[in-house]
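Undergrad: Quick one: this structure, given as structure tokens, is what I'll be asking you about.
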Amino acid sequence: MEQYAFTLELAVRDYECDMQGIVNNSVYQNYLEHARHEYLKSIGLNFTAFASKGINLVVVRAELDYKWPLKSGDRFFVAVNFTRESPLRFAFLQDIFRLPDKKLILKGKIIGTALNQKGRPEIPKELENIMPEE
């Protein structure tokens, strides 16, 4: 396993499962989003504070590779890395692993940008300062 900037442990809830008894594919995006927000908070950046200043962090692309399903009651963790994708885009590289065996469940790449008060892409200084060089 590679090194990650942040990990968040969670558990599957019954209502997140479909008729097959596995986590519905759309729920994984909720897990990934929650982990991204918690990661930003952990490094002193508040998603809500950006929005209150008219800066909206938005997803422009989501690439998800489903490897193995999670089931009700499974414990798992979401691992997060943050990188620059281009001058006006960043990416969250996120993996989900089941516990306790650390089986890879999902590999994801979420590409985003920040929109300023005029709706134009512009990376705020707070994000610029934590992004690794291209």
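Undergrad: Can you name every residue in the range 7-19 that is buried (at least 17 other Cβ atoms within 10 Å of the Cβ) and closer than 20 Å to Asp65 by Cβ?
TA: Across the range 7-19, the qualifying residues are Leu8, Leu10, Val12, Glu16.
Undergrad: I'd like the full set of residues that are touching a strand residue (DSSP E or B) at 6+ places or on another chain (Cβ under 9 Å), surrounded by 15 or more Cβ atoms within 10 Å (Cβ to Cβ) and free of Cβ contacts under 8 Å to residues at least 60 places away in the same chain, limited to the range 34-46.
TA: Of everything in the range 34-46, those that are touching a strand residue (DSSP E or B) at 6+ places or on another chain (Cβ under 9 Å), surrounded by 15 or more Cβ atoms within 10 Å (Cβ to Cβ) and free of Cβ contacts under 8 Å to residues at least 60 places away in the same chain turn out to be Ala35, Glu38, Tyr39, Leu40.
Undergrad: Still on this structure, please answer the following. Show the residue pairs that are 6+ apart or on different chains and have beta-carbon atoms under 6 Å apart, the first residue being within the range 20-31 and within 20 Å of Gly112 (Cβ to Cβ), the second being among the aliphatic types (A, V, I, L, M) and outside any helix (DSSP H, G or I).
TA: Every condition considered, the pairs that remain are Tyr28/Leu106; Tyr31/Val78.
Undergrad: Considering only residues that are of a type in the set (S, T, N, Q) and at pLDDT below 95, look in the range 85-134 and name the one that is surrounded by the most Cβ atoms within 10 Å (Cβ to Cβ).
TA: Asn116
Undergrad: Ok, one more. So, Arg98, is that one of a type in the set (D, E, K, R), under 14 Å from Tyr31 (Cα atoms) and touching a residue at least 40 places away in the same chain (Cβ under 8 Å) or not?
TA: No; evaluated as a whole, the condition is false for this residue.
Undergrad: Out of curiosity, is Ile22 β-branched (Val, Ile, Thr), crowded, with 17+ Cβ neighbours inside 10 Å and closer than 17 Å to Ile111 by Cα?
TA: no
Undergrad: Please go through the range 1-15 and give me each residue that is in a helix (DSSP H, G or I) and touching a residue at least 12 places away in the same chain (Cβ under 8 Å), ordered by number.
TA: Selection gives Asp14 alone.
The values are calculated or read from the model by the stated rules, or taken from the named source; none is laboratory data. What you see is a predicted model, and the numbers here were worked out from it, not measured in a lab. Heads up, the Cβs are rebuilt from the backbone with ideal geometry, glycines too, and the neighbour counts pull from every protein chain shown.
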